[in-house]
Structures are given as C-alpha cells and as structure tokens.
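K.L.:
Have a look at this one before I ask anything.
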Amino acid sequence: MLHRPTFDVVHKNLSEILGQNLSKEETRKLLNNYKNIIKNNKTDEYHNKLFEQVKKDMGYEDLDIELAIEKLKDSSLKSFKEHCKNGSAGALHHKITIYPKTAGNSLNSSIQRTTFGTMFHEWQHIKQAEIAYRTNPDKLVDAYVEQLKTKNSDFIEQLMKENKYSRVQALKEINSSLHKQLDTLFGKYPKFKAGSDQYKKGLKYIECTRNYTTEGKEYFEQLSEKEAFEIGDKARKIYDYISNPWRIF
C-alpha cells in the first residue's frame, strides 16, 4: 500500500525545490495547479503543461528553454539515454528532453509519476548552470571546454577538419560559441558577489561541470546529479500526495 506523505512534508519539499519560503496557502495553490495537470494522461499535453508550470514556479518563465519529448521503447535507448534513463537538460542547447518509457500517446500513473520527478530534476540542472554562470561565466566556459577536450575530442577534430582550423583556432571558436549560448540564456541575470554563499555554490558547480561523468557510481555521487536526484525524489512525494483522488487542499 502506498504511503502518502503529509501536507507538512510536501509543503517543506516544495519550498526547498523552488528555493522559496512558501506560505501554506501558496503551497495549496501550487499543489492544485499540479493536481490539475496530472489529471491529463496524454503524453504530450501532460509534459508540456508540466514543463510550463515548473518553469514558471522556478522563476524561469521568460527563459528561452524548450521542451523535447522522445517517446522510446527500452530496446531503442542509446547507451547514454539508458544511463540517464528519464531525461536530460542542456543549458548550452537551451533544451530539456524527457524520455517517457512509452511509444504511445497516453501515460499510466507509474510513468507519469516518474517523469513528474524527472521534470524537476532537469530544471534543477538548469538552475545549477544559472548559478555557475552568475558566479563566473569565463570559468564555466573553460570547464565546458576542458570536459569537451577530455570526453569528446572527436568533436574538436571534426571541427578542425571541416573548417581547416588549427587546434588553437578550433578551441577559440568553441569558446566563443559557448559564451554566446550561455550569454543568450543567462546574460540578463546579475553576477553574484565574490565570497557569497551563492558564489561558493557556483564554484562547486563549475568544478562539477569540469569533471562531469556519466560512468557508474561516480555519476550518481557527483554534486550536480546527487542534488538533482534528491529534488526529483522530493517531487515524486508531491506527486504521491496530489494523486490521492480524495485529497482536498
């Protein structure tokens, strides 16, 4: 039998997820919004409405991020998608992708619950990128470039070949492109004061970006993923609470 969390638990969870000191009345209004969304079991409609609601509630209503929904059967998952399983987020590509484990146009409650948590998980990655950018854009871009040099050197070689670039020219082009993509997304936000709590957190995210891995146990233990999985778990407790048909807020 499903153990449903109490209102106090989901009130605390939602406040922590959104980074806001929500009143109980504010929490009730938000829970009603989400309860109305999960009444829809159509794959595209459900995910689009959930995406927009989470985007708004996290304060990113004007952020240029799009949603992609890839309906996949387990047998068609590529290795990385098998690893991240349910979703991916790319601040560089201005996109969140959700992989519901269905090939059809409707969702059962199990899939819906899973991707409810995934949506918050992926938006947390966008938030991490925002904090890292507002800490030091140059260091963040350097971290992305270092990751590329270590994990995807073939991309650099291909860029050199296609454009007849030297390695220095290719890296300069990549650096410029990454700056442009991040500036377009987060450039309107003010930078954090050096030494502030958010600044210190941003430095940790930058280092995590530099050393990011999709391999084994290390994937789950790195700061960005550990934090996002915790957010996803808290969100699924919210789903458990609002999915009770007799629940009145």
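K.L.:
Would you indicate which of (i) 1.08; (ii) 1.23; (iii) 0.97 is the value of Cα Rg over 2.2 N^0.38 Å derived from the coordinates of this structure?
P.N.:
Only one listed value fits the structure, namely (i).
K.L.:
For segment 7-242, give me the percentage of DSSP beta bridges that are antiparallel, rounded to the nearest 5 percent.
P.N.:
If I count the DSSP bridges inside segment 7-242, around 55 percent turn out antiparallel.
K.L.:
Calculate for the chain the 222 nm mean residue ellipticity that helices alone would give, adding -39,500 (n - 2.57) per DSSP H run of length 4 or more and normalising by residue count, nearest 500 deg cm²/dmol.
P.N.:
The per-residue figure over the chain is -21000 deg cm²/dmol.
K.L.:
Here's something else I'd like to know. Spelling out what I want: for every residue of segment 17-30, take phi, set θ = phi - 60°, compute 6.51 cos²θ - 1.76 cosθ + 1.60 (Karplus), and round to whole Hz; glycine and proline get x.
P.N.:
With coefficients 6.51, -1.76 and 1.60, one gets 4, 8, x, 10, 8, 6, 6, 5, 5, 4, 4, 4, 5, 5 Hz.
K.L.:
Mind listing the long-range amide H neighbours of GLY87? Cut-off is under 5 Å, sequence gap 5 or more, other chains count too, H placed in the peptide plane at 1.01 Å from N.
P.N.:
TYR99
K.L.:
Mind checking the full-extension length gain between GLU218 and ASN105? Use 0.36 nm per residue of separation minus the Cα-Cα distance, one decimal, nm. Please report the intermediate quantities before stating the final value.
P.N.:
Numbers: separation 113, 0.36 × 113 = 40.68 nm, distance 3.48 nm.
Full-extension gain reported as 37.2 nm.
K.L.:
What FRET efficiency do you get for GLN20 and THR150 if R0 is 30 Å and r is their Cβ-Cβ distance, rounded to the nearest 0.05?
P.N.:
Values: r = 37 Å, r/R0 = 1.23.
After rounding to 0.05, the efficiency reads 0.20.
K.L.:
Which part of segment 92-120 falls in the paramagnetic zone of PHE229, meaning amide N under 11 Å from the point 7 Å along Cα-to-beta-carbon?
P.N.:
none
Read the figures in this text as sums done on the coordinates, not as results from a lab. The model shown is predicted, which means the values in this text are computed figures rather than measured ones. Please note: Cβ atoms are built from the backbone with ideal geometry, for glycine as well, and neighbour counts cover all protein chains shown.
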